[in-house]
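Working notes for the structure below.
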């Protein structure tokens, strides 16, 4: 009889262990509820679960080699089709003579224009279709007073573009409603 009681207790322990193991497995799978597809558990692990397994997917840090843009060729990027032909020296004669050297910076450009009285720090952001936003910080080199002018720039061709200043921050000697249109050529 003692042997029968011992056998019953062993069967009960095995049965309860099986139920607890089943419950634990179901709890893990419930953690995946709501997901669509995929695997239960961590990805990219070795069979032992202790070390990272090498991934078969290319890593995000590695970049594919790209060919450099040819002169006067738009470059496709996160910016879209950026008109590469804006880079270089541009000249304007009206309303006053000026020259600027445009340098590309990501999805925009920087340039400077100086004369004996004013220094202009120009920046633009590509908006698409040969259009740019335009911000110009105009500093009086005698008084140090700075005015911010806002507007747009449109690239008409590889040899012509236009600025339209639509207003300022109203500081120094320019009113807030100051406007100016300027054509640039190479």
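Within segment 163-184, work out how many residues are loosely packed, with under 15 Cβ neighbours inside 10 Å and under 17 Å from residue 109 (Cα atoms).
Of the residues in that region, 1 qualify.
Could you tell me which numbered condition residue 133 fails, if it satisfies all but one of (1) surrounded by 15 or more Cβ atoms within 10 Å (Cβ to Cβ); (2) under 22 Å from the mean Cα position of the chain (by Cα); (3) at negative phi?
(1)
Of all residues in segment 151-179, which are over 25 Å from residue 130 (Cα atoms) and in contact (Cβ under 8 Å) with a residue 24 or more places away in the chain?
171, 172, 173, 174
Of the conditions (1) surrounded by 15 or more Cβ atoms within 10 Å (Cβ to Cβ); (2) part of a loop (DSSP other than H, G, I, E, B), residue 149 fails just one. Which one is it?
(2)
We did not get these values from a lab; they are worked out from the coordinates using the rules stated. No experiment lies behind these values; they were computed from the predicted model shown. Backbone-built Cβ (ideal geometry, glycine too); neighbour counts: all protein chains shown.
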